[in-house]
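The values are calculated or read from the model by the stated rules, or taken from the named source; none is laboratory data. From a predicted model like this one, the values you see are computed outputs, not experimental measurements. Heads up, the Cβs are rebuilt from the backbone with ideal geometry, glycines too, and the neighbour counts pull from every protein chain shown.
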Amino acid sequence: MAEQTVLDTLQRPRMGLFARMARRLKAYGILRRRRWVQSTGFTSAFVVLAAKMAAADGVAVSSEAMIFEQFLDVPPEEIARFQSVYEQAAEDVTGYEIYADRIGEMLKRDPETKRRVLECLMYIACADGILHPSEDHFLKTVAARFGYCDTEFRTIRDQFVRDPDSPYAILDLMPDATEKEIKARYRKLVHETHPDRMMAQGAPPGVVKTATSKLAHINAAYEDIARERGFGGPRL
């Protein structure tokens, strides 16, 4: 799998979504509203999981500041201790599943917070502008241990990563597009790309063949989204 480029890097005109996500993550700072989230057990598990995720690509970047300043409500006198935990955990990526299971168990009755934890990990992974394949695998495994199916994981992932093979990318849509926007975009692309239209315009066979292939990808992308969202096809 090729490295995936983060929305912030690849889609400059669309930086608003990534910036809003960053502000939202920072605002709830892994959830200072939740009393139990302030527990040492949760903080330790999250710090270890974040450290191992940061090291998943073989290079442990300096994510401590991001973690302690943006995501966790750690008292100043405790930061040094948790930084030590982070540094030790970042030495080896193995064993992260244990901490994913531990957090998943803590959050089994709090799906909102569980999703936010996964979003925070995704944000940290994308901090260097690239989501490496090893980080992608790490996050997918964590999501599965949190109880998310592949579709749910992809929905969260698509908020941060612009995958050129994603059905939303093929239709040039953002993952939070409405059903109306999706159908309107699909109609427009079919109209512009349909090989019958190309032939009527006198396009050479090579152009018609290319349009036929492109239309097949557009149709497949729309069908994937419609199946995921649970709506039917638009009237063309």
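On the given criteria, is residue 163 touching a strand residue (DSSP E or B) at 6+ places or on another chain (Cβ under 8 Å), more than 18 Å from residue 53 (Cβ to Cβ) and crowded, with 18+ Cβ neighbours inside 10 Å?
Criteria met by residue 163.
Just checking, which of 151, 141 is in a helix (DSSP H, G or I), under 20 Å from the mean Cα position of the chain (by Cα) and farther than 20 Å from residue 57 by Cβ?
Values: 141 fails: farther than 20 Å from residue 57 by Cβ.
Going through 151, 141 in turn, the sole match is 151.
From the set of residues in the stretch 141-161 that are among the hydroxyl-bearing types (Ser, Thr, Tyr) and at pLDDT 85 or above, which is farthest from residue 176 (Cα to Cα)?
The qualifying residue farthest from residue 176 (Cα to Cα) is 141.
Yes/no matrix, rows are residues, columns are (1) surrounded by 12 or more Cβ atoms within 10 Å (Cβ to Cβ); (2) not basic (Lys, Arg):
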residue: 191; (1), (2): no, yes
residue: 195; (1), (2): yes, yes
residue: 200; (1), (2): no, yes
residue: 203; (1), (2): yes, yes
residue: 208; (1), (2): yes, yes
residue: 214; (1), (2): yes, no
residue: 218; (1), (2): yes, yes
residue: 226; (1), (2): yes, yes
residue: 232; (1), (2): no, yes
